[in-house]
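Quick note: the coordinates plus some simple rules give every number you see, no bench work behind them. The shown structure was predicted, so the numbers you read here are calculated from the model rather than taken from an experiment. Heads up, the Cβs are rebuilt from the backbone with ideal geometry, glycines too, and the neighbour counts pull from every protein chain shown.
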Amino acid sequence: MKFNWKSWTGLGLVVLGMGIIACGGENKNQAAETNTQTESTTSTTTKDAETKTNKTADVTSKEVDYASLGMLVDGNAPQGLQVGDDAPHILVRDYNGNEIDSEKILAQVPMVLIFYRGKWCPLCEQYLSEFNDSLRLIQDEGAIVLTVTPETPDNAREMRELTNMSMNIIPDSAQLLMNAFDVSFDVTEAYQEKIRSNFSVDIAENNGAESAQLPVPATFIINKSGKIAWRHFDPDYRNRASVKDILAHLWD
């Protein structure tokens, strides 16, 4: 059954049980890629060799150098919701004030949830821009794609303008979704200083928070039964879910 995705364009989500609603606004861009940033991205073409029988694409089973990725984990690294887990019951409210119940969406179509770090992150901007170019392939299969950022509504709106993306961006500065999906981590002081030096961005201030937290840029597919059907979870923010993988698992 195909779903009229156009009627849901620009919608967001919030964990229903926590009673918090994300709102939006506008702000000017203050994040630009500098020549000192030498990180490379493995964008939407990464992991295209995954097959439909593979329910996850992640590296949680191998040793990760969390400190090099700016993650202060103290032995309690985020693991992300697992395939087969029940997804949190979610209520929709985007930065334009539109509302939706996830149960109504999932009664008809699956949902794709993408976490990203912020508008200051050139890898996030590149990934979302390229992903948006192939978005129609997912929408034609009837799925809804939502993105989540720890940033303020103003910065979330600016990211949408920067990338010309039609996907909705959910400002999660209260970290409700990040915590509910177990993707949140504290950022090391060294990495915060690196971002300040390279991009003139204070992560905590950019997120409207007292301390600096970021999400693992994970992707989850929630099936019509409300369960995690597939996930891409890699603490290395240079690695992201491919459109091909998502298409292969939309109806799992």
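With N set to the number of residues, divide the alpha-carbon radius of gyration of region 151-221 by 2.2 N^0.38 Å and report two decimals.
Region 151-221 yields a ratio of 1.14.
If we sort 153-161, 219-227, 196-204 on the protection proxy, mean other Cβ atoms within 10 Å, highest first, what's the order? Please report the intermediate quantities before stating the final value.
Working: 153-161: 21.8, 219-227: 19.8, 196-204: 16.6.
Top of the packing list down: 153-161, 219-227, 196-204.
State the Cα centre-to-centre distance between region 180-232 and region 153-173 in whole Å.
First find each Cα centre; the distance between them is then 15 Å.
Which of 119/224; 104/244; 194/244 have a Cα-Cα distance over 28 Å?
Working: 119/224 31 Å; 104/244 26 Å; 194/244 33 Å.
Correct reply: 119/224; 194/244.
Placing unit charges on C-beta atoms (Lys and Arg positive, Asp and Glu negative, everything else neutral), compute the dipole magnitude of region 83-252 about its Cα centre in debye, rounded to 20.
Once rounded to the nearest 20, the dipole reads 360 debye.
Once the convex hull of the C-alpha atoms of region 83-252 is built, how many Å³ does it hold per residue, rounded to a whole number?
Values: hull volume 17.9 nm³, N = 170.
That works out to 105 Å³ per residue.
Given region 92-147, report the % of alpha carbon pairs whose separation exceeds 18 Å. Before the final figure, lay out the partial values.
Working: 692 of 1540 pairs.
Above the 18 Å cut-off, region 92-147 has 45 percent of its Cα pairs.
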